[in-house]
Amino acid sequence: MDCQQTAITPSSRALPISAGTRNGKCRARITRWLLALSLAAYLTPASAQFKLQQTFMNTTAPGWTLSGTAILTAPSIDPAGQGWLRLTDTGGYEQGLALDTSETASPCFSTTPRRT
């Protein structure tokens with residue numbers, strides 16, 4: 001896509017068009033391409049390689065191992081059936097982990113946590 005253009009003056013000499021005029025058409029082309037790419041990216045459905053479904057609303061989460069400061073808030077903080085998974089508290093320097101240990105985990109990745 002070449003956006004270099006020249007203007008013919010009455011004296012028949014070719015002079016470059018000013019940057020503002022030359023870049024106007026170039027900018028319009030680029031804008032159209034960016035809009036088209038943005039629309040294509042927006043309309044393309046995103047998909048995950050696997051789905052994990054757990055509400056963490058109850059007092060237990062079968063198939064999940066919690067470690068560190070991770071807790072289920074039901075029934076200690078929230079009523080049973082309305083809980084959440086809390087990985088850390090409001091304090092600093094905490095680590096929480098929720099590890100899917102169910103048999104439905106994908107065999108394509110390791111489920112063993114490692115510190116790096």
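The values are calculated or read from the model by the stated rules, or taken from the named source; none is laboratory data. Note that the coordinates shown come from a computational prediction; the quantities given were computed from them, not determined experimentally. No Cβ is skipped: glycine too gets one built from the backbone with ideal geometry, and neighbour counts run over all protein chains shown.
Overview of values
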item: Lone unmet requirement of (1) surrounded by 13 or more Cβ atoms within 10 Å (Cβ to Cβ); (2) modelled with pLDDT under 85 for residue 64; result: (2)
item: Residues within segment 1-51 that are aliphatic (A, V, I, L, M) and at pLDDT 75 or above, tallied; result: 10
